[in-house]
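Visitor: Handing you a structure now.
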Amino acid sequence: MSDSKNGLLGLGSHGPAVLDVRTRLAALASDALPELADLLVGAPDPEAYDEGLLHAVRAFQQHKGLIVDGVVGVETFGAIDGARWSLGDRLLTHTPGHLQRGEDVVALQERLNTLGFASGRVDGRFGPETERAVRSFQRAYGLPGDGSVGPETFRAFDDLRRSVSGGSANVLRERERVRRSGHNLSGRTVVLDPGHGGDNTGATANGLVESDLVMDLARRIEGRLTAIGVAVVFTRTEHTCPTEEERAAIANNAGADLLLSLHADSHDAADASGVATFFFGRDRATSWSAIGEHLADLVLREIVARTGLANCRSHGRSWTLLQQTTMPTVRIEAGYLSHPADAARLADPAFRDTLAEALLVSLQRLYLGDDDTTKTGVLHLGDLRAYLAAHS
Ligand SMILES: [Zn+2]
């Protein structure tokens, strides 16, 4: 792109515009581009476009992948101006004909790509592709899908970055105390317990590995929960396989509100299929978690309604994890890897997203109650109401 005449600055130029460029580059030098500092300090006349500034501009152009001509025109000035923005400094939105550009847009595009929302080439320009990716991200995380990146979306990004696993129970408890409120999920702590892990793969069939599958599902749930202010604790990493006692202890120490234990089943009988849920229940009179049962039923209903997986019902059990946790705990066996149709569906990331949505809505319903009309403004409440209307 050619530089416009009245915006053109180069060796020999003089005046306040040169000082402005020098000042902006010096600010970058102290921050993102420290190698420029030597070239900018000690100029006898800061309004003069001297050799030092020329070298600084060329170094900057090199760094940004611009044409290295040492001339500050529209392109270069736009890049210098954009370089001062960090993600979160300003509202980002698609403005046709005058695309926003800057380091914050670069950071946004990289973040979206990392999270699996293709924003196209990372070019630091907020164009239509970036806007589409933002909308997808917003929809996936339960935010209004307006395609603009404002405070709510920044917060979702932040929460995703802060999302922690294991270990940080004290931090999580503090956050929880501050944020706990009312009838919604925001401010609560949910433990996600992907079954198996490390060398213990769990079931394997039809090319699927249970431990990997449920970790992937847990990550999808995590993203959605953290985006609405829920603190998420994992009981394991990709490489560990705690005992059931250890998993219960992690959840208890975190002071969690709920635990979701994620598994997929397998059976020698190839026609075994469907979803089942389990809660703590040994004897209705003495050892029975009523909330656990309620949540297990909600989860089952949501998954069956949204996926059409066969309904294998919810069941009371006195398994270690169910028994030793102090919060409502539900174990979900989400389909049979040994069943070709179940396996084919579980292999599809979009299907795992549907499962994650179903779990999220069932948690929200646990706290809302079916007849609660509190307008919380979180989490697909419109969806939830429409769903309730259609299924009640
Ligand atoms: Zn399992």
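The values are calculated or read from the model by the stated rules, or taken from the named source; none is laboratory data. If you're wondering where the values come from, they're calculated on a predicted model, not measured in any experiment. Heads up, the Cβs are rebuilt from the backbone with ideal geometry, glycines too, and the neighbour counts pull from every protein chain shown. Ligands, DNA and RNA are stripped out before the accessible areas are found, and what is left, the full protein with its side chains, is counted by its heavy atoms. Shrake-Rupley method; radii C 1.70, N 1.55, O 1.52, S 1.80 Å.
Visitor: If I filter the range 240-254 for residues that are of a type outside the set (D, E, K, R), under 30 Å from Pro151 (Cβ atoms) and within 13 Å of the ligand (Cβ to nearest atom), do I get at least one hit?
Guide: The first filter runs over the range 240-254 and keeps only residues of a type outside the set (D, E, K, R), leaving 240-243, 248-254.
Right, trim to under 30 Å from Pro151 (Cβ atoms) and you get 254.
If we keep only those that are within 13 Å of the ligand (Cβ to nearest atom) too, we end up with none.
No.
Visitor: While we're looking at this one, here's another question. Regarding Val191, is this residue outside any loop (DSSP other than H, G, I, E, B), under 28 Å from Cys312 (Cα atoms), more than 16 Å from the ligand (Cβ to nearest atom) and open to solvent by less than 10 Å² (accessible area, probe 1.4 Å)?
Guide: Yes.
Visitor: Does any residue of the range 254-269 turn out to be in a helix (DSSP H, G or I) and at pLDDT below 95? Walk me through it before giving the result.
Guide: Kept after step one, since they are in a helix (DSSP H, G or I), are these residues of the range 254-269: none.
The answer is no; no qualifying residue exists.
Visitor: Within the range 308-320, can one find any residue that is open to solvent by 60 Å² or more (accessible area, probe 1.4 Å) and within 16 Å of the ligand (Cβ to nearest atom)? Break it down stepwise before answering.
Guide: Quick first cut of the range 308-320, residues open to solvent by 60 Å² or more (accessible area, probe 1.4 Å) only: 311, 313, 317, 319.
Retained after the next criterion (residues that are within 16 Å of the ligand (Cβ to nearest atom)): 317, 319.
Checked the range 308-320: at least one residue is open to solvent by 60 Å² or more (accessible area, probe 1.4 Å) and within 16 Å of the ligand (Cβ to nearest atom).
Visitor: Scan the range 283-307 for residues that are touching a residue at least 40 places away in the same chain (Cβ under 8 Å) and open to solvent by 20 Å² or more (accessible area, probe 1.4 Å) and jot them down.
Guide: Of the residues in the range 283-307, the ones touching a residue at least 40 places away in the same chain (Cβ under 8 Å) are 289, 291, 294-295, 298-299, 301-303, 305-307.
Correct list: Ser289, Ile291, His294, Arg301, Ala305, Arg306.
Visitor: What pairs come out if I take residues in the range 197-214 that are more than 13 Å from Asp342 (Cα to Cα) and in a strand (DSSP E or B) and pair them with residues that are among the small types (Gly, Ala, Ser) and within 12 Å of the ligand (Cβ to nearest atom) whose C-beta lies under 6 Å away, six or more apart or interchain?
Guide: That search, which allows pairs on different chains as well, returns Gly197/Ser211.
Visitor: Can Glu293 be described as away from the ligand (no atom under 16 Å from the Cβ), under 26 Å from Asn206 (Cα atoms) and of a type in the set (Asp, Glu)?
Guide: The answer is no for Glu293.
Visitor: Which residues, counting only those in the range 326-346, are in a strand (DSSP E or B) and open to solvent by 10 Å² or more (accessible area, probe 1.4 Å)? Talk me through it step by step, then tell me what you get.
Guide: Quick first cut of the range 326-346, residues in a strand (DSSP E or B) only: 329-336.
Passing the criteria: Arg331, Glu333, Tyr336.
Visitor: Same structure, new question: Which of (1) within 14 Å of the ligand (Cβ to nearest atom); (2) buried (at least 24 other Cβ atoms within 10 Å of the Cβ) is the odd one out, the single condition Phe279 does not satisfy?
Guide: (1)
Visitor: Related question: Take Arg135 and decide whether it is open to solvent by 10 Å² or more (accessible area, probe 1.4 Å), at pLDDT below 80 and outside any loop (DSSP other than H, G, I, E, B).
Guide: Working: open to solvent by 10 Å² or more (accessible area, probe 1.4 Å): yes; at pLDDT below 80: no; outside any loop (DSSP other than H, G, I, E, B): yes.
No; evaluated as a whole, the condition is false for this residue.
Visitor: Could you check how many residues of the range 66-114 are open to solvent by 40 Å² or more (accessible area, probe 1.4 Å), of a type in the set (A, V, I, L, M, F, W, C) and part of a helix (DSSP H, G or I)?
Guide: Residues in the range 66-114 being open to solvent by 40 Å² or more (accessible area, probe 1.4 Å), of a type in the set (A, V, I, L, M, F, W, C) and part of a helix (DSSP H, G or I): 2 in total.
Visitor: Scanning for something of a type outside the set (Val, Ile, Thr) and more than 27 Å from Pro349 (Cα to Cα), does the range 113-124 turn up at least one residue? Step through it out loud before you land on a result.
Guide: Initial filter on the range 113-124 (of a type outside the set (Val, Ile, Thr)): 113, 115-121, 123-124.
Narrowing further to those that are more than 27 Å from Pro349 (Cα to Cα): 123-124.
Scanning the range 113-124 turns up at least one residue that is of a type outside the set (Val, Ile, Thr) and more than 27 Å from Pro349 (Cα to Cα).
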